[in-house]
Structure formats: C-alpha cells, structure tokens
Amino acid sequence: MGSSIYKYMASEHATRMLAHGEIRLGTLYSYRKEEELGAGVGDKDEGTVNLKKSGFTVIDTADPRSIPEFFRSGLSVGSGSRLQITARDGIGRQFEDPNCWIYCTSKYFDRAQMTSMGYDACIEIFDIEPFFFTVSREIQARIQFFWGAAECVYRDRAIEHTAYDGVPPVFIKHPRFRGQAEVRALWIPKEGERVEPMVVSSKIAVQFCRRI
C-alpha cells in the first residue's frame, strides 16, 4: 500500500465530506445489492469463499482421516451414529465472514475506473493512519476494534481446499473487479450491534484528505 489511497464518490458527496466532515461507512452485506449498486460496484457474493475437494470423494465419520479439515466442522453426527457420503464430483462448503463496517478505496487514482463505477469525484486520503484512527475514535462506542486496511485479492471464490491460503473472504473479490485495485478498511462491531451503513462526522479526519 502506498502513502495515499483514493476514494471515488459523487461530486456532491465529496463536497459535503470536505466541508462538513461527512464520511460514509458501508457494510459488507450492503455491497451484495448488485441490482441496486450496479455490476461495477455490487457483488452478490461479497464476503464469501467456497472451498472444495474435487473428484471422487468418500467420507465416513467412522474414519476421521477421510474427512477434509475444511469440511469437518460442518458435520454434526449424534453419538453412536455414522454418516457416509459418496460424492462422484467432489464436495464443497461455503464460508462467510460476518457483517462489518467497511470503507472501500483504491490503491491508485484511475479516472477510467472512477467513471466506470458511476462516480465523478475523487478524494485522496494522503495520511492513512491518522485518518482511520480518527474515524475509529468517533465510532468507538459501537465497535470492538478497527481491524485495519488491506488490499483485496482478485480470484475465483471457488478454491481447491489444498490451495487456500487463508485470505479472509471479505478481502476476496471476483477477477472482473481487478482494475479497481481496492484497499478495504474494516471495523468489527460489538456483540449485538446493528450493522448498517452510517455517516461519521469528523472534521478532524478530513484534514488528512484533499480533492483531486
């Protein structure tokens, strides 16, 4: 990640952000609204990964060695019972990250990507750490912690279980979004906290931003 990250948005929102400190945090699950957000922004499979074991597979709960680790916690068999599964074309299991607040930015400024996403303005966050520290402080009553910011990985969500490198599903995006070079920040909510998009007001945070 470089010294700056870039946030695309509508011009009116960019103006309000810099003038009034209005910073909108989305949620992981809100980005699944593909029809509402458009295919350039929304993705119905946000926050999921599908691990699979391809080929002819036999699972027998009487023999724990036959059960791949990724599949094991999804099986529930009562005491004294036995489950046998024969799958000609392999087995799979979907994993999903819990909902959380996210702030999506780009590693680079790319005018073509900006316009393809339906936006006409860009804010540069030129001092990343104090920006997110200040935002986190404003919402500290609602979060467990700020997870941090990291670049997304662009790959197919269906992955052979032996090839999975542990990238959290929230950071996996379909290859069609590769040009966005997304950097995603996460805030983990407190237990029982309602997670929905919110506007954070912080004139201090936007001191680390400028419009380009």
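The values are calculated or read from the model by the stated rules, or taken from the named source; none is laboratory data. Just so we're clear, the structure is a prediction, and the values are computed from it rather than from any experiment. Positions of Cβ are generated from backbone atoms using ideal geometry, with glycine treated the same way; all protein chains shown enter the neighbour counts.
The listed residues are 11, 30, and the only one of them that is surrounded by fewer than 19 Cβ atoms within 10 Å (Cβ to Cβ), in contact with a Leu (Cβ under 9 Å, 6 or more places away or on another chain) and outside the structural domain of residue 74 (by TED's automatic domain parsing) turns out to be 30. Of the strands (runs of 3 or more DSSP E) lying entirely inside the stretch 126-212, the ones with 2 or more residues being within 28 Å of residue 18 (Cα to Cα) and within 14 Å of the chain's Cα centre (by Cα) are found at 143-151, 182-189.
Determine, yes or no, whether residue 47 is surrounded by 12 or more Cβ atoms within 10 Å (Cβ to Cβ), among the small types (Gly, Ala, Ser), out of contact with any Ser or Thr (no Cβ under 7 Å at 6 or more places or on another chain) and at positive phi.
Considered against the rule, which asks whether it is surrounded by 12 or more Cβ atoms within 10 Å (Cβ to Cβ), among the small types (Gly, Ala, Ser), out of contact with any Ser or Thr (no Cβ under 7 Å at 6 or more places or on another chain) and at positive phi, residue 47 comes out as yes.
In this structure, residue 41 qualifies as modelled with pLDDT under 85, out of contact with any strand residue (DSSP E or B) (no Cβ under 8 Å at 6 or more places or on another chain) and crowded, with 17+ Cβ neighbours inside 10 Å. If you go through the stretch 61-78 and keep only what is among the hydrophobic types (A, V, I, L, M, F, W, C), loosely packed, with under 12 Cβ neighbours inside 10 Å and touching a Lys or Arg at 6+ places or on another chain (Cβ under 8 Å), you end up with just 62. Among the residues that make up the stretch 57-68, is at least one of them in contact (Cβ under 8 Å) with a residue 60 or more places away in the chain, under 24 Å from residue 172 (Cβ atoms) and either part of a helix (DSSP H, G or I) or in the same structural domain as residue 147 (by TED's automatic domain parsing) (or both)? Checked the stretch 57-68: no residue is in contact (Cβ under 8 Å) with a residue 60 or more places away in the chain, under 24 Å from residue 172 (Cβ atoms) and either part of a helix (DSSP H, G or I) or in the same structural domain as residue 147 (by TED's automatic domain parsing) (or both).
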